[in-house]
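**Q** One structure, pasted below without further comment.
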Amino acid sequence: MKGSDFTVKTATSGEVYFYATIARPSPKAHGASLLNRLWTPWRMAYIEGTQHEEGCVFCNRPSQPDGPENLIVRRGQYAFVILNRFPYTSGHLMIVPFAHQPSLEMLDTATRAEMMELMTHAMEVLRSVYHPQGFNLGANIGELAGAGIAEHVHLHVVPRWGGDTNFMTALGNTRVIPESLEETYRRVRTGWEQWGSQA
């Protein structure tokens, strides 16, 4: 509809980010409704294909080839770096130990040390790729503390910019992510390779 359609990227129930076109019919059109419609035809593939994943997500991913499907951008000896499939901002990374443990104190010293090194490297890579103005770093230990996958501890690296929280977050409980996961994966993976060649 000329001059009345626009596309946004939003989320449903805090789970899935998607593109959608909002069509605003002209009030002059015969029989037209003033109700805005959110068209997301590609969502049917997600709805029909959604299945509960058996086992631990963080234990399953390392067994898959690294790429846009498993989202692993870097592997260490004791831990790996993976993109958050449901990011708070573009470039939201997680540092995950290979060991399946629910809390940091249950990991050995070598694993915790490597996780901190990977977190530091992740910040360096994100600075070079996205030029953020700050970072949120941390972990949610336990379901009551907000951990989405409480049985497998992980650290978050979230790049931040001034104005990255707007009315969509405050009023609609919705994050607007301006970049696809595939593009984020490509940029972060390439950035990490370039960082590694210079380190």
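A short reminder: the numbers here are calculations on the coordinates, not readings from a lab. Everything numeric in this text was worked out from a predicted model, so none of it was measured. Cβ sites come from the backbone with ideal geometry, for glycine too, and all protein chains shown count toward neighbours.
**Q** Sorting Arg186, Arg74 on the 10 Å Cβ count, fewest up front, what's the list?
**A** Fewest-to-most ranking of Arg186, Arg74: Arg186, Arg74.
**Q** Hey, another quick one. Which residues in the stretch 67-101 place their backbone N less than 19 Å from a point set 7 Å from the Cα of Asn60 along the Cα-to-Cβ direction?
**A** 67-73, 80-87, 94-101
**Q** What is the spin-label model distance, in nm, from Ile149 to Met106 if the labels are put 7 Å beyond Cα along the C-beta direction?
**A** The answer from the label model is 1.4 nm.
**Q** Another question, if that's okay. At a Förster distance of 25 Å, what's the computed FRET efficiency of Ser128 paired with Arg75, Cβ-Cβ distance as r, to 0.05?
**A** For Ser128 and Arg75, the calculated efficiency is 0.80.
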